[in-house]
Amino acid sequence: MRRRWMAAVAVTVAGMLTLTACGGGGEEGAAQSPQADAAKKVEVFSWWTGPGEADGLQAMKEIFEKQNPGLTFFDAAVAGGSGDKARALLTSKLQADTPPDTFQGHAGAELQGYIKAGDLEPVNFLYDELKLKDVFPQQLVDQISVGGQIYSVPVNIHRSNVMWFNPGVLKEAGVTEVPGTIEEFVAALEKVKQAGKVPLSIGSEWTAVHLLESVLLGSLGTEAYNQLWTANSDWSGPAMTKALNDFKTIMSYAGDPQDDWQPAAKQVADGEAAFNIMGDWAYGYFHNPPDGGLGKKSKTDFDWAPSPGTGGTFMWLSDSFTLPKGAPNRDGAVAWLKVAASKEGQDAFNPKKGSIPARKDADTSLYTDYLADALKDWGSNKLAGSIQHGVTVNDAWRTAINEAVGLFQQSKDVAALQTALADAAKNSGQ
Amino acid sequence: MLVSPSIVAIAVFVYGMLGWNFRLAMTDKHDEVSEGSFVGLENFTGIWDQQRWSLSVNHAIVFTVVFVGGALALGWLLAFLMEKGLRGEGTLRAIYLFPMAISFVATGVVWRWLMNSGIGERAVGLNRLFEVVGLESLQWQWFRDQDWGMAAMAIPAIWQMSGYVMALFLAGFRGVPDDLREAARVDGCTEWQVYRHVVLPLLRPVTLSALIILGHISLKAFDLIVAVSGKQIITDVPAVFMWVAVFDSHDPAKGATIAAYIVIAVSIFVIPYLVWSLRKERRS
């Protein structure tokens, strides 16, 4: 009896499997027949899924489809801040030689891994065709070129060296002037400490690296900072020792580490802490209405200035799009890059994302409040590239710097930090 | 015949991959594009010069000792109480077993909040609880504590796994025949001596299995730690370091070396157990 049951079950299962197999095959056949469909699809891989950035991407998509009626935009976005998960998936796609038509990457050295592996095609021809070298700042073009080749089209610019502060807390602590140099900053931190508030809020370990890049820039000066990424870098000299000691002093005023940058920024907004050094994506978090942000009023609840010692320098990072070798729809990808590089595309994307366009000819009326400040500085300041956000160092080097700073947070040993940073520079293979 | 497909699959996907990993660990393939030539055990010895490696090994040891010790002790205690015939045993058993059904990631997300390091006015989670019940002195940094952070990290793991250990022990307790206990009692043993000399020795195989199961989970710990604190140095363990080496540093040889060390560490737990159980089988 039992045998017969088993046999019946087996036959049924086998039958169902065959049926589904047929079904699958049938659908595939149906999808393949309008072959043209596949040729029209442009797969755009990004990590823009959050509020603001996803809206910006949507706005660019509309422009893209209007300008290219024959093409459809396929959104292959993968959630996860700063693209951690997206990049892991991208790596496996590239290794399997099935790249998306175009993917997002931080402009600069972070792309080196892809370039070395031969995954990317230079886009100099686009720069020539669209005369992009005239509309992007010269320093930006210089800083993203690798041996004369450019491998991506920057869509937006974020600023890394921004000091956010709570005017109320500063007033309470008797800090009357916004600190402009590192010495003034340390003095202000001390005053806030006396007043019983957290002088400087900090998040998880990467935010300490973010702080370090601002302190390095402020202490070394723009020229020496930019030289760190060239052949005549000096990681072991006395100027670096002084900069790292400044970092140690500033870190000694940091509050308890928070889970990430948002809770750290929130401490400033809530009046628990006085200062926070974070990129200008914090502006959206402070300013946007809840739930996406904190709904605070700029200039009264929170205010900003270039991080101490870095006035006149814009430490930038940028999201950009690339042209992978072997892209299934190369023409479609080039059409997308043209939209991403255009004034119209960048002016549609950036006000929504809360960043500024890489182009100098943007429509200034679209950018208000903080963004107006940033846009003005972008056009006039000296430029320096960010460490933590992939402009000046490749992944291996950045990981080594993060490791050194993480260990420093426990040991507080400046000499060990300097040795580790010098080794990281030597071993980066960059 | 019937098992041969699975033998082939295991040979290829487990032992083949293991071999491939060890071979990769013995090359200098320190980025994704280079070919990598054979360098012997250079990576295995070189890694001990790295401060981060010794730190993560230390963390793994602290985590393992606290987690395995804690889960065994708590599981044993729970099983002991159950065995004494608590009322509502079935319900309690289910309650203690439930955490097992949750993934380490979900556990980690909840405990990250519970173990928030804010103190005083900023306290939330467990620190807040301490404040409410007037035990402010117990507030601490939890997993952000430099010396004992990993012990705090073991707490969610203990919470999750002690119910399982309880179930193992309870089955063990129930497996001890009543007439043995009776005999001991007749011979004049106190209740404590019954446990000490009769029940505990008979529980040795159960304890050993529990030890091995917990031990290998602990040495491979990754998901819980990443869910609680992310990839931070302060809670670095070999498995997280391996992930960073492969996906952030793009250094396959280093990642493979760390993976090899993890396999070796786990096999220190597992191989003696296999030998022991094989011998026992042969004897019976």
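Per the conditions (1) under 23 Å from the mean Cα position of the chain (by Cα); (2) open to solvent by 40 Å² or more (accessible area, probe 1.4 Å); (3) under 21 Å from A:Trp336 (Cα atoms), the sole criterion not satisfied by A:Thr98 is (1).
Of the residues that sit in the stretch A:115-149 and are more than 25 Å from A:Gly354 (Cβ to Cβ) and surrounded by 21 or more Cβ atoms within 10 Å (Cβ to Cβ), which one is nearest to the other protein chains (Cβ to nearest Cβ)? The residue in question is A:Asp119. In the set A:Thr176, A:Thr181, only one residue is surrounded by fewer than 16 Cβ atoms within 10 Å (Cβ to Cβ), farther than 24 Å from A:Trp261 by Cα and not assigned by TED's automatic domain parsing to the domain that holds A:Gly354; that residue is A:Thr176. Screening A:Thr364 with (1) open to solvent by 10 Å² or more (accessible area, probe 1.4 Å); (2) polar (S, T, N, Q); (3) touching a residue at least 40 places away in the same chain (Cβ under 8 Å); (4) closer than 19 Å to A:His287 by Cβ gives one miss only, at (3). Take B:Ala253 and decide whether it is on the phi < 0 side of the Ramachandran plot, touching a strand residue (DSSP E or B) at 6+ places or on another chain (Cβ under 8 Å), within 14 Å of chain A (Cβ to nearest Cβ) and surrounded by 15 or more Cβ atoms within 10 Å (Cβ to Cβ). Yes. May I ask you to verify whether A:Gln258 is within 14 Å of chain B (Cβ to nearest Cβ) and open to solvent by 30 Å² or more (accessible area, probe 1.4 Å)? It is true that A:Gln258 is within 14 Å of chain B (Cβ to nearest Cβ) and open to solvent by 30 Å² or more (accessible area, probe 1.4 Å). In the stretch B:161-182, what residues are open to solvent by 50 Å² or more (accessible area, probe 1.4 Å), over 30 Å from B:Val109 (Cα atoms) and in a helix (DSSP H, G or I)? Scanning the stretch B:161-182 gives B:Ala171, B:Arg174, B:Gly175, B:Asp178, B:Asp179, B:Leu180, B:Glu182. Residues of the stretch A:69-84 being assigned to a helix (DSSP H, G or I) and either facing another protein chain (nearest Cβ under 10 Å) or open to solvent by less than 40 Å² (accessible area, probe 1.4 Å) (or both), which ones? Of everything in the stretch A:69-84, those that are assigned to a helix (DSSP H, G or I) and either facing another protein chain (nearest Cβ under 10 Å) or open to solvent by less than 40 Å² (accessible area, probe 1.4 Å) (or both) turn out to be A:Gly83, A:Asp84.
For the stretch B:257-264, indicate whether the set of residues that are part of a helix (DSSP H, G or I), at pLDDT 95 or above and within 14 Å of chain A (Cβ to nearest Cβ) is non-empty. The answer is yes, given that some residue of the stretch B:257-264 is part of a helix (DSSP H, G or I), at pLDDT 95 or above and within 14 Å of chain A (Cβ to nearest Cβ). The single condition from (1) of a type outside the set (Ser, Thr, Tyr); (2) touching a residue at least 40 places away in the same chain (Cβ under 8 Å); (3) within 12 Å of chain A (Cβ to nearest Cβ); (4) open to solvent by 40 Å² or more (accessible area, probe 1.4 Å) that B:Val246 fails is (2). Scanning the stretch A:299-307 finds one or more residues that are touching a residue at least 24 places away in the same chain (Cβ under 8 Å) and within 19 Å of the chain's Cα centre (by Cα).
Here the stretch B:183-197 is the region considered, the condition is being of a type in the set (Val, Ile, Thr) and open to solvent by 30 Å² or more (accessible area, probe 1.4 Å), and the residue that is farthest from B:Phe80 (Cα to Cα) is B:Val186. Going by the conditions given, is B:Val65 away from chain A (no Cβ under 14 Å) and open to solvent by less than 70 Å² (accessible area, probe 1.4 Å)? When the stated conditions are applied, B:Val65 does not pass them.
Is there a residue in the stretch B:85-100 that is open to solvent by 50 Å² or more (accessible area, probe 1.4 Å), within 14 Å of chain A (Cβ to nearest Cβ) and either on the phi > 0 side of the Ramachandran plot or outside any helix (DSSP H, G or I) (or both)? The answer is no; no qualifying residue exists. Restricting the stretch B:30-58 to residues that are open to solvent by 60 Å² or more (accessible area, probe 1.4 Å), in a helix (DSSP H, G or I) and of a type outside the set (Phe, Trp, Tyr), the residue that is farthest from the other protein chains (Cβ to nearest Cβ) is B:Thr45.
Considering A:Gly385, A:Gly390, A:Gly345, A:Gly332, the condition of being over 20 Å from the mean Cα position of the chain (by Cα) and open to solvent by less than 50 Å² (accessible area, probe 1.4 Å) is satisfied by A:Gly332 alone. Pull up the stretch B:4-29, narrow it to residues that are surrounded by fewer than 12 Cβ atoms within 10 Å (Cβ to Cβ) and of a type in the set (Ser, Thr, Tyr), then point me to the one that is farthest from the other protein chains (Cβ to nearest Cβ). By that ranking, first place goes to B:Tyr15. Just a yes or no: is a residue in the stretch B:212-222 within 14 Å of another protein chain (Cβ to nearest Cβ), open to solvent by less than 50 Å² (accessible area, probe 1.4 Å), closer than 30 Å to B:Asp248 by Cβ and not in a helix (DSSP H, G or I)? No.
I need the full set of residues from the stretch A:222-235 which are closer than 10 Å to A:Lys382 by Cβ and free of Cβ contacts under 8 Å to residues at least 40 places away in the same chain, in order please. Hit for the stretch A:222-235 is A:Glu223, nothing else.
Which numbered condition in (1) over 19 Å from B:Phe241 (Cα atoms); (2) aliphatic (A, V, I, L, M); (3) within 13 Å of chain B (Cβ to nearest Cβ) is the only one that A:Leu407 fails? Of (1) over 19 Å from B:Phe241 (Cα atoms); (2) aliphatic (A, V, I, L, M); (3) within 13 Å of chain B (Cβ to nearest Cβ), only one is false for A:Leu407: (1).
Here B:Glu121 passes the criteria (1) assigned to a helix (DSSP H, G or I); (2) within 14 Å of another protein chain (Cβ to nearest Cβ); (3) in contact (Cβ under 8 Å) with a residue 12 or more places away in the chain except the one numbered (3). Screening B:Leu92, B:Leu78, B:Leu114, B:Leu72 for residues that are more than 18 Å from the chain's Cα centre (by Cα), under 20 Å from B:Val165 (Cα atoms) and at pLDDT 90 or above leaves exactly one candidate, B:Leu78.
Being in a helix (DSSP H, G or I), open to solvent by 10 Å² or more (accessible area, probe 1.4 Å) and either within 14 Å of another protein chain (Cβ to nearest Cβ) or of a type outside the set (D, E, K, R) (or both) is the filter here; which residues of the stretch B:136-160 pass it? Within the stretch B:136-160, B:Ser137, B:Leu138, B:Trp142, B:Arg144, B:Ala151, B:Ile155, B:Ile158, B:Trp159 meet the criteria.
The values are calculated or read from the model by the stated rules, or taken from the named source; none is laboratory data. Only a predicted model underlies this, so the values are computations on that prediction, with no experimental measurement involved. All Cβ positions, glycine included, derive from the backbone under ideal geometry; neighbour counts span all protein chains shown. Heads up: the accessible areas ignore ligands, DNA and RNA and are worked out on the full protein's heavy atoms, side chains in. Shrake-Rupley method; radii C 1.70, N 1.55, O 1.52, S 1.80 Å.
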